[in-house]
Amino acid sequence: MTDTVVVIYSGGMDSFTLLHEARARGHRVHALSFNYGQRHVRELACARSVCAALAIPHKVIDIRAMGEVMAGSSLTSDLEVPEGHYEEDSMKATVVPNRNMILLSLATGYAVTVGAGAVWYGAHGGDHAIYPDCRPEFVARMDAVCRVANYEPVAVEAPFMALTKGDILARGLALGLDYARTWTCYNGREQACGRCGSCVERLEAFAENGVSDPLSYEAGC
């Protein structure tokens, strides 16, 4: 396996930390982002800015045409984004059908192209309650398939699988990362809403680490 990895980089705080974690471990990084029609597409602007500053090769793949077969999520369809915590059943509305299987498949093809030995993505312990494609059994099976899908074996890894978002933030803070360069909110407005599941978990992580979130939030948050 080579020391080159493809990091699926959304522009959010988890993948931002993962990107820097790969660099801290001495890997050569290729960043891959996807526009799948998410309403919080502004996260891609964060991804572009960070990769440009770090001189990391970065591809943004437009897969919005796949919306017809990835519909029904509040992140991609004209549905209200639920408010609350990820452990609440209402958060299932944020599941994009088969998203990670599709993104990991595309990233594996890119890994073969650039000679990378692994694809990393930012699934973590807080995702398990709602997202089936962020659970250990999914990662294990995708890893097994991607190792035999091409002549060149590519591992699928989720280095933060056993961590909480608070743990991930602690790791990023130890690396000296600036989380003002990330976007987490599922609503694509000027300021973060502070009420969607993604914002709630982010704010909890900052509180757990005893630091203030550098992002600006809407009134009342």
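Take the Cα pairs of region 90-221, get the Kirkwood Rh, then feed it into Stokes-Einstein at 20 °C and 1.002 mPa s and tell me D in µm²/s. My calculation gives 131 µm²/s for D. The phi torsions of region 202-217, fed into the Karplus equation with coefficients 6.51, -1.76 and 1.60 and a -60° offset, translate into couplings of 4, 5, 4, 5, 5, 4, 4, 8, x, 10, 8, 6, x, 6, 8, 10 Hz, rounded to whole numbers, with Gly and Pro shown as x.
Each principal axis of the Cα cloud of region 11-61 was evaluated for its coordinate range; sorted largest first, these ranges are 34, 19, 16 Å. Averaged over residues, the count of other Cβ atoms within 10 Å places the peptides 15-24, 207-216 in the sequence 15-24, 207-216, highest first.
Scanning residues 5 or more positions from A118 or on other chains, those with amide H under 5 Å from its amide H are V6, A155, with H placed 1.01 Å from N in the peptide plane. Label separation (R28 vs E152): 1.0 nm, computed from points 7 Å beyond Cα along the C-beta direction. For the listed peptides 134-142, 182-190, a ranking on the average number of other beta carbons within 10 Å per residue, highest first, reads 182-190, 134-142.
Only the coordinates and a few stated rules stand behind these numbers; no lab work does. In this text the structure is predicted, and so the values were computed from the model without any measurement. We place every Cβ from the backbone using ideal geometry, glycine too, and count neighbours over all the protein chains shown.
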